[in-house]
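The values are calculated or read from the model by the stated rules, or taken from the named source; none is laboratory data. The structure displayed is predicted, hence computed values, not measured ones. All Cβ positions, even for glycine, are placed from backbone atoms using ideal geometry, and neighbour counts span all protein chains on display.
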Amino acid sequence: MSKTREQQPLFDLCGGHAALDFVNSLNKRFREGGPIELLADYADLLRFAEQTTLLDTRQVRRLANSVNPVAAARTLRSARELRETLAAAFYGSVDSHPPLPADIRTLERHFHSASEHRELRWERPAENSNGRSGIRWDWGRFETSAELPVWVLSQAASQLMMSDAMDRIRACGVETCRWLFLDTSKNHTRRWCNMRVCGNRMKARRFHARREE
């Protein structure tokens, strides 16, 4: 029997931004024995979008109950394409290598697609509130589209890539990990994706190495 949605393990969102956590969903991508795919199916993609709050529970349940298997498989392929193109761009930035023109075009296509599927909506203030009426971007009639998780991820990634935060993207110092994260430390000296995991592991290695000297 397959696990229910509530029983699935949570994603480790230590990257500080949904786009970086998305890249990290291909775990141990630099390991000699090969990476571990954490987005095995469309349900995993929905769980990720919900856990990162890019989609709410209502949106996720609607998609889970309405998207057919063919559309789900197509969207998962698109999500992985976006993820790997983002990985190339982010790791290139960390390692001071400009992205390839083909990667730029792929990102451009995904970013355009996200923008083209938004609608402007007039929003009235809630009753008994001091808010003002105004317009905002909304997914509108596209909210039930299978591709919605890819669009919200594309939007989040484009906002990050066009911000000053790009200068604070780092890769974990463990070579078999290299998960991406935003370095928000005071002195910008953070070295590990997760101190409880990679940080403690490297400290333990150094401790044993000193004892063997």
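General observations
- Selection within the stretch 27-58 - among the aromatic types (Phe, Trp, Tyr) and at pLDDT below 95: 30
- Residue pairs meeting the criteria (Cβ under 8 Å; at least 6 apart or on separate chains; first under 17 Å from residue 141 (Cα atoms), in the stretch 108-119; second of a type outside the set (Phe, Trp, Tyr) and not in a helix (DSSP H, G or I)): 113/147; 117/145; 117/147; 118/138; 119/138
- Whichever residue in the stretch 69-86 is more than 18 Å from residue 28 (Cα to Cα) and basic (Lys, Arg) and, among such residues, is surrounded by the most Cβ atoms within 10 Å (Cβ to Cβ): 74
- None of 164, 183 is at pLDDT 85 or above and exposed (fewer than 12 other Cβ atoms within 10 Å of the Cβ) except 164.
- Top-ranked residue in the stretch 167-180 [being under 13 Å from residue 94 (Cβ atoms) and in contact with a Lys or Arg (Cβ under 6 Å, 6 or more places away or on another chain); ranked as surrounded by the most Cβ atoms within 10 Å (Cβ to Cβ)]: 172
- Reported count of residues in the stretch 53-92, each being within 13 Å of the chain's Cα centre (by Cα) and either part of a strand (DSSP E or B) or within 23 Å of residue 109 (Cα to Cα) (or both), is 12.
- Among the residues of the stretch 41-70, those that are of a type outside the set (D, E, K, R) and over 22 Å from residue 138 (Cα atoms) comprise 42, 43, 68, 69, 70.
- Taken together, the residues in the stretch 186-213 that are more than 21 Å from residue 87 (Cβ to Cβ), in a loop (DSSP other than H, G, I, E, B) and modelled with pLDDT of 50 or more amount to 4.
- Within the stretch 84-138, the residues that satisfy the criterion of being over 16 Å from residue 160 (Cβ atoms), of a type in the set (A, V, I, L, M) and in contact with a Phe, Trp or Tyr (Cβ under 8 Å, 6 or more places away or on another chain) are 120, 135.
- Any chance residue 156 is surrounded by 15 or more Cβ atoms within 10 Å (Cβ to Cβ) and in a helix (DSSP H, G or I): yes
- Verdict on residue 102 being of a type in the set (Gly, Ala, Ser) and surrounded by 14 or more Cβ atoms within 10 Å (Cβ to Cβ): no
- Residue 102 vs. criteria assigned to a helix (DSSP H, G or I) and either over 26 Å from residue 12 (Cβ atoms) or touching a His at 6+ places or on another chain (Cβ under 8 Å) (or both): yes
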